Structures are given as structure tokens and as C-alpha cells.
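Everything on this sheet refers to the single structure shown next.
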Amino acid sequence: MGGSKIRCIRSLSAGCEKVFYEFGFIEKMRRKIMKRDWDMIRDIMVRCKEKPDVGEPLQLGNWPENIHPEISYHVKMLLDKDYLEGKMEKTIGPGPDNFFIYQLTWEGHDYLDFIS
């Protein structure tokens with residue numbers, strides 16, 4: 001390739017905006033800094049506990065679209081702690097990852113009892 005390779009990374013704390021310049025291609029990603037939301041954690045776990053069919057998983061589409069990034073973030077944390085039985089489905093790009101939650105684990109039931 002004949003042109004010079006230019007890389008510029010700029011971070012702004014206010015908007016958490018990162019701009020990458022490479023070969024004239026500009027990609028902007030806006031990320032919101034996530035914090036644990038105990039009401040959201042409780043909602044995810046209660047929905048999992050109360051769902052009627054273990055074979056039919058909860059997925060990202062079971063929640064309103066405007067909170068998809070937050071839901072995906074919290075489900076990942078709960079899966080990492082082994083409170084849920086399921087898996088994350090990686091997506092290409094900055095969008096929220098889908099997931100499949102089948103049921104609470106033993107630890108998940110204990111944790112839900114503790115936070116309820």
C-alpha cells in the first residue's frame with residue numbers, strides 16, 4: 001500500500017468517545033460506563049426463576065431495546081459468577097451481545113434469596 005499509515009486515538013472522558021483514524025477510515029464508538037444496577041440484577045434473576053419452560057431460554061429480545069446494553073452487561077457478570085446457567089453469543093461490532101439463559105444455578109438461587 002502506497003499511503004502512509006496514520007493512527008490517532010483520542011479519548012474524551014465526558015463522552016467516552018474514541019476516534020480511530022486508519023487509512024482514511026473513521027470509526028466512532030460511544031460507550032457508556034456501566035455500573036452495577038441491583039434492580040436490574042434482581043429483575044434478570046427473578047425473570048429467570050419465574051420463567052415457565054427451562055427449555056425456552058431468556059434472550060436479549062425479552063427486554064426493551066433501550067436497555068439492551070445494560071441487560072447484556074449484567075447478564076455477562078451473572079454468568080461469570082455462575083449465578084445463571086446459559087451462554088453469551090458474541091456479536092460483531094459495538095452492539096450488545098445476545099445471550100441464552102436457561103435457569104438459575106444453585107448459587108444463583110441462594111444469591112437471589114440474599115438480595116430479595
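Within the stretch 61-68, is there a residue that is among the polar types (S, T, N, Q), surrounded by fewer than 16 Cβ atoms within 10 Å (Cβ to Cβ) and either touching a strand residue (DSSP E or B) at 6+ places or on another chain (Cβ under 7 Å) or assigned to a strand (DSSP E or B) (or both)?
The first filter runs over the stretch 61-68 and keeps only residues among the polar types (S, T, N, Q), leaving 62, 66.
Among the residues that remain, those that are also surrounded by fewer than 16 Cβ atoms within 10 Å (Cβ to Cβ) are: 62, 66.
Next, from what is left, pick out any that are either touching a strand residue (DSSP E or B) at 6+ places or on another chain (Cβ under 7 Å) or assigned to a strand (DSSP E or B) (or both): none.
Taking every residue of the stretch 61-68 in turn, none turns out to be among the polar types (S, T, N, Q), surrounded by fewer than 16 Cβ atoms within 10 Å (Cβ to Cβ) and either touching a strand residue (DSSP E or B) at 6+ places or on another chain (Cβ under 7 Å) or assigned to a strand (DSSP E or B) (or both).
Pull up the stretch 37-53, narrow it to residues that are outside any helix (DSSP H, G or I) and exposed (fewer than 10 other Cβ atoms within 10 Å of the Cβ), then point me to the one that is modelled with the highest pLDDT. Across the stretch 37-53, the extreme among qualifying residues is 52.
The values are calculated or read from the model by the stated rules, or taken from the named source; none is laboratory data. Just so it is clear, the model here is predicted, and its values are computed rather than measured. Glycine also receives a Cβ, built like all others from the backbone with ideal geometry; neighbour counts cover every protein chain displayed.
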